[in-house]
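**Q** Before I ask anything, here is the structure I am working with.
Every read-out reported here was derived from the displayed coordinates using simple, explicitly stated rules and does not represent laboratory data. In this text, all values refer to a predicted model and were calculated from it rather than measured experimentally. Here Cβ is always computed from backbone atoms with ideal geometry, including for glycine, and neighbour counts include all displayed protein chains.
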Amino acid sequence: MQALAPLLLNGLSYASTLFLMASGLTLIFGVTRIVNFAHGSLFMLGALLSAHCLVQWIPDWADSGLGYGAVMLFAALCAAGVGAVLERFVLRRLYGVAELYQLVATFGVSLVLHDAMRWVFGNEEVFAPRFPGLRGAYMVAGVPFPSYQLATLLLGPVVWLLLSALMRYSLFGLRLRAVTQDRAMLSALGVNPAPLLCGVVLLGSALAGLGGALLVPREPANLQMDSNVVVETFVVVVTGGLGSVSGAFIAAALIGVVHAVGSTYFPQSTLVLVFLTMALVLALRPSGLMGKPVAELARQIGQPFVLALATRRGRWGGAVVWLVLAALLYFGSASYPAALVGDAMVLVIFGVSLQALMGLGGLVSFGHAAFFALGAYAAALANVHLAFGLPAALLTGCACSALLAACVGPVMLRSAGVYLAMLSLAFAQMVWALASQWTELTGGDNGLLGLQLVSAEGRGAFLVFESVLVAAALLWLQRLARSSLGAALQAVRDAPVRAAASGLHALRLRYRVFLASAAWAGLAGALMVADKGAVFPTAATVSVSLDVLLVVLLGGMNQLWGTVAGAALLVFAEGELGRGFEYWRGALGLVVVLAMLWAPSGLLGRRGSQRGA
């Protein structure tokens, strides 16, 4: 018990930083309905800017509490300025667009900001000095507890009270609540919503920058802070309930304590415990602790599925393209372009699995990499321990992914929209942790190497076989969209109340497409193992889930050929930009942002809309 009090205080101190991030993200989502993935970049900007000011540019200010505080406020204001630019040139053009496309656009912004900060600040970690006047410690239950962490612990409740008072008693808060409920009516009453939307983004961005600056006296500032903190921030926001500042405050305290306990007693499972906490909360309360049900993301993007192969000309054209591609792959299997095409084909099959889940089933997943990684590891282990060849290993990958989906589906499908997306992300993080830590079975971070599912002589035939599976995946998606099951899924997606009144069982229909999607994702993972001859825990990371989400949304989620266009753009852009160009991720992010601004419904979706016009 003596060591428990400092542990809890440490968790609550960390919770204050999380709350500053989560409150800003909650405010932005609550008013603008934008899931801002670039919020972590603003946190990192506040940390890096304040650290470099205190260490390199104006180090004399680090000796004064007033100067140190001024640097922190300056960093917060700079983050607010970047947020204002982001709102003016990116977010404002995406208001009214489905949240998924906004998520992809802000993910592209985060890539741009990450490389911009790498160019300005460099790659090295920066260790800032302690805050003047708070470098000592207080005795808590006989154990010293840092004074600075005690101060940050008290800051969280103060910010919560100020935000609550702002939203409840001020004219700005009154208008923010009005613009959240009915933006058109507020405009009709003579109030311009644009400054309100910009103002809430400014406030949320400033809170993110301040959170990053406040972390600097405790931890070094580095270029990994954005991805590390944004995931936990999303966990806090979803656990507390979307749009609820009070819910974010309670959830931040809960997650902070879990993080502190996990770091002390289960250091290798801290992230798993955090996601498990969120999963348990969502299993009991699908809308979070204090959140209200929000419209499912898929309903806002429900469009008729465009079946490009439905006509005779489309089928013949597709067959000719496939024959030419197969011949080129067979005779040029050892070339660099063939390797890129192989990567793209795996991504197409993976994308089709997610496209069926989202485009037809209306189910949003931020953790689809879980089934991809399960298929990959199942195929690899079947080859290593059971000496399975290529066909049996591929079937094993499909079966294992579908089996696990059958087990977790009844729990996950109780949630919807962003809540389901975060629950799937939690599941993927658990798979990643299992793959990383079960060293005896998976090899841990070293992975499983030297797999011989495809020989060098048979690589050409394997690539042709892979192209056959791509064609089969596209034909399956076409037939599913045209079938009675596909029609029922789209009815449940677009008009759930009317579909229920017609006798359609939504959960049962979604469960079926969930199983099929997991099986195709497992096949894609198994094909990746066969192609690369190795598998690592990174197959289950957030970046893999975001890559496949990017593929689906870039090409057009409701376009049959959307994943082909998206995979081709992503793989070849990464392949070409990554050759000798240090900041290729930022350039890729810029391409993604421009693509989303130019074609919010995907590249092929814009083509279809122009034809329809």
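**Q** Please compute the Cα-Cα pair-distance distribution of the range 1-151 with 10 Å bins starting at 0, giving whole percents from short to long.
**A** Values per bin, smallest distances first: 10, 31, 30, 21, 7, 1.
**Q** Return TYR330, TYR148, TYR68 ranked ascending by Cβ neighbour count within 10 Å, so the fewest neighbours appear first.
**A** TYR330, TYR148, TYR68
**Q** Among VAL90, ALA251, PHE37, which residue has its Cα furthest toward the positive end of the charge dipole of the chain, with +1 on Lys/Arg Cβ and -1 on Asp/Glu Cβ?
**A** VAL90
**Q** Give me the Kirkwood hydrodynamic radius of the range 4-284 in Å, from all C-alpha pairs, to one decimal place?
**A** Across the range 4-284, the inverse of the average 1/r is 19.2 Å.
**Q** So if I place +1 on the C-beta of Lys and Arg and -1 on the C-beta of Asp and Glu, and nothing else carries charge, what would the dipole magnitude of the range 298-612 be about its Cα centre? I want it in debye, nearest 20.
**A** Computed charge dipole of the range 298-612: roughly 1400 debye.
**Q** Inverting the mean 1/r over all pairs of different Cα atoms, compute the Kirkwood radius of the range 231-274 and quote it in Å.
**A** When all Cα pairs of the range 231-274 are included, the Kirkwood radius is 10.4 Å.
**Q** Then there's this: Please list the non-local residues whose amide H lies under 5 Å from the amide H of VAL535, H modeled 1.01 Å from N, same-chain partners needing a gap of 5 or more.
**A** LEU448
**Q** Here are some values of mean projected area of the Cα convex hull in nm²: (1) 29.4; (2) 27.2; (3) 36.4. Which one was computed from this structure?
**A** Of the listed options (1) 29.4; (2) 27.2; (3) 36.4, (1) comes from this structure.
**Q** Summing -39500 (n - 2.57) over the DSSP H runs of n ≥ 4 in the chain and dividing by its residue number, what mean residue ellipticity at 222 nm do you reach, to the nearest 500 deg cm²/dmol?
**A** -24000 deg cm²/dmol
**Q** Hey, another quick one. Return the loop-located trypsin sites (Lys or Arg not before Pro) in the range 106-139 (DSSP other than H, G, I, E, B) with at most 12 other Cβ atoms within 10 Å of their own Cβ; answer none if there are none.
**A** Sparse-neighbourhood loop trypsin sites (Lys or Arg not before Pro): ARG135.
**Q** For a quick check: sort MET185, MET278 by the number of other beta carbons within 10 angstrom, fewest at the front.
**A** Ranking MET185, MET278 by Cβ neighbours within 10 Å, fewest first, gives MET185, MET278.
**Q** To the nearest µm²/s, what D does Stokes-Einstein give for the range 446-493 at 20 °C and 1.002 mPa s, using the Kirkwood radius over alpha carbon pairs as Rh?
**A** 157 µm²/s
**Q** Still on this structure: If we count other beta carbons within 10 Å of each Cβ, what is the order of CYS78, CYS398, CYS407, fewest first?
**A** CYS407, CYS78, CYS398
**Q** Okay, next question. Mind putting a number on the dipole of the range 426-553 about its Cα centre? Charges go on the C-beta only, +1 for Lys and Arg and -1 for Asp and Glu, and I need it in Debye to the nearest 20.
**A** It comes to approximately 760 debye.
**Q** Here's something else I'd like to know. Among ALA471, PRO129, ALA461, which residue has its Cα positioned farthest towards the positive end of the charge dipole of the chain, with +1 placed on the Cβ of Lys and Arg, -1 on the Cβ of Asp and Glu, and the dipole taken about the Cα centre?
**A** It is ALA471.
**Q** Taking the Cα centre as origin and putting +1 on Lys and Arg beta-carbons and -1 on Asp and Glu beta-carbons, what dipole magnitude results for the chain, to the nearest 20 debye?
**A** I would put it at about 2180 debye.
**Q** In degrees, nearest 10, range 0 to 90: what is the angle between the Cα axis of helix 270-284 and the longest Cα principal axis of the chain?
**A** 80 degrees
**Q** Out of ALA530, SER483, GLN452, whose Cα points farthest toward the positive end of the dipole of the range 434-564 (charges: +1 Lys, Arg; -1 Asp, Glu; placed on Cβ)?
**A** SER483
**Q** Give the angle, between 0 and 90 degrees and rounded to the nearest 10, that separates the Cα long axis of helix 459-482 from the longest principal axis of the Cα atoms of the chain.
**A** 80 degrees
**Q** To continue, here is another question. For the range 298-612, take the convex hull of the Cα atoms, compute a quarter of its surface area, and give me that in nm², please.
**A** Over all viewing directions, the range 298-612 projects a mean Cα-hull area of 16.5 nm².
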